[in-house]
Amino acid sequence: FAPILFPEGKRNMAKLFRSVELTAMLKSILFGPTSLTSKKPPSSITQGRVWGLTFTTPGAIALMATLAIFLHSPDKEFAQTGAQSKIPYQKWFDHYKSFLMKNAEKQEITELFMWWNARVFSFNSATQ
């Protein structure tokens, strides 16, 4: 697993997908970059509000993990497989999503989703 998927880039499987950079990416995509520092709720025209999103999904975590890896790669296009790196982005996305879905009932995964929700859907800078 890539270091970006762990807090401070330190591989610890108990903290997989607990990188604040990943949650910041999702929050920024859904509610705009100002949502990362603003204490105000996002406007009704942000994608997260338009789509009525209120919680994090396995696909959202898997996508942020895969995008983060892509952004740190030499690849210039986000494709199923990286042209330069040969990273199998689609395969990794599918693996991450499947892992989260298959283990959704486990306490550590339930806590992971709660951790993500507190960061992505909270608009209080203390949780950033």
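Over region 1-92, the Kirkwood radius and the radius of gyration, each from Cα atoms, give a ratio Rg/Rh of 1.01.
In terms of solvent-accessible area of protein heavy atoms at a 1.4 angstrom probe, what is the ranking of Phe99, Phe31, Phe1, highest value first? If you can, show how the numbers build up before the last one.
On the way: Phe99 80, Phe31 10, Phe1 100 Å².
These residues rank, largest area first, as Phe1, Phe99, Phe31.
When trypsin sites (Lys or Arg not before Pro) are flagged only if DSSP places them in a loop and at most 16 other Cβ atoms lie within 10 Å, the longest unflagged stretch of the chain comes out as 40-75. What is region 49-105 by shape, rounded, prolate or oblate, if you read a ≥ b ≥ c off the alpha carbon gyration tensor as root eigenvalues and call it rounded for a/c under 1.5, prolate for a/b larger than b/c, and oblate otherwise? Taking the square roots of the gyration eigenvalues as a ≥ b ≥ c, region 49-105 is oblate.
With K and R counted +1 and D and E -1, the other residues having a Cβ less than 11 Å from that of Ile61 yield a net charge of +2. Could you state how much accessible area Met101 has, in square angstrom rounded to the nearest 10, with a 1.4 Å probe and all protein chains kept in place? Here the residue's solvent-accessible area equals roughly 110 Å².
Cβ under 14 Å from Gln80's Cβ, Gln80 left aside: what net charge do those residues give with Lys, Arg +1 and Asp, Glu -1? If you can, show how the numbers build up before the last one.
On the way: positive: Lys86, Lys91; negative: Asp75, Glu77, Asp94.
Computed value for this residue: -1.
Taking Cα centre as origin and charging only the Cβ of basic (Lys, Arg, +1) and acidic (Asp, Glu, -1) residues, the dipole magnitude of the chain rounds to 140 debye. When the Cα centres of region 38-54 and region 63-128 are compared, how far apart do they sit, in Å? Here the answer is 21 Å between Cα centres. Other residues within the sphere of radius under 14 Å centred on the Cβ of Val120, judged by their own Cβ, net out at +3 (K and R +1, D and E -1).
The values are calculated or read from the model by the stated rules, or taken from the named source; none is laboratory data. Bear in mind that the values here come from a model prediction, so they are computed numbers and not experimental data. Neighbour counts run over all protein chains shown; Cβ positions are idealised from the backbone, glycine included. Just so you know, the surface numbers come from the protein's heavy atoms only, side chains and all, with ligands and any DNA or RNA stripped out. Shrake-Rupley method; radii C 1.70, N 1.55, O 1.52, S 1.80 Å.
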